[in-house]
Amino acid sequence: MIIDSLLKKAGDLARLVSPQFAFEPAGYCLRWYYHMYGADMGTMSVYIKVGDRLGLYWRLGENLFNIWNAAQITIPQIANFKNFSIVFEGERGPSTYSNMAIDDVRLDKGVCPTFGSCSFEDENYCDWFNVEDGRDEVDWEFGNGGTDSYGTGPRYKHAHTAQFSCFYGF
């Protein structure tokens, strides 16, 4: 989803509202990727809508250059309410030199993990990824034990119980 600032006025709002979700005692983890690029960046906000009220949970208003960034917030259960919606809001900045986008929005039961943490216990990479655009020459590989180079690589994993749980790059 993208907001193009062309043909819009400063301060114009775009809202994207989710369907309603039932509150869970354990809460939820909302995760998404966002892109905010331009000299006159507006503001991106995330609200939780309960009944007819909006509660601000996250806001950012700066040029983060031409890259995607990850974000996450924990949504706790709110007493005396059964349902909620999520609202993504984009506000246009002072000129057309800005665009913002969101992608890969996920809502999982439970609190969010420490941001960026990953035990690498399976091959899903915990949203980490290998750079595949020519900026590097070697990829991290999933596995443990020795490598093809004699006498290199850890003989066993650091912790946990999965058979493969670490990455090598060289």
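Nothing in this text is a laboratory measurement; each read-out follows from the coordinates by a stated rule. Since the structure is predicted, the reported quantities are computational estimates derived from the model, not experimental observations. Every residue, glycine among them, receives a Cβ derived from its backbone with ideal geometry; neighbour counts consider all protein chains shown.
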Honestly the stretch 58-114 on the Cα gyration tensor test (a ≥ b ≥ c root eigenvalues; a/c under 1.5 rounded, otherwise a/b vs b/c for prolate or oblate) is just prolate
Which residues qualify? For F23, with a placed amide H closer than 5 Å and at least 5 residues away or on another chain, they are N83, F84
Note, the stretch 10-25: 3J(HN,Hα) by Karplus (6.51, -1.76, 1.60, θ = phi - 60°), whole Hz, Gly/Pro = x, goes 4, x, 4, 10, 10, 10, 10, 10, 6, x, 7, 10, 7, 4, 10, x
Taking a crude spin-label model, label points 7 Å out from Cα along the C-beta direction, the V105 to A10 distance in nm is 2.8 nm
In nm, the gap between the two label points placed 7 Å beyond Cα toward Cβ at I2 and T96 is 1.5 nm
Sorted by chain and number, the residues with a modelled amide H under 5 Å from that of G42, at a separation of 5 or more or across chains, are G93
For 100-109, 129-138, 40-49, ranked highest to lowest by mean beta-carbon neighbours within 10 Å, the order is 40-49, 100-109, 129-138
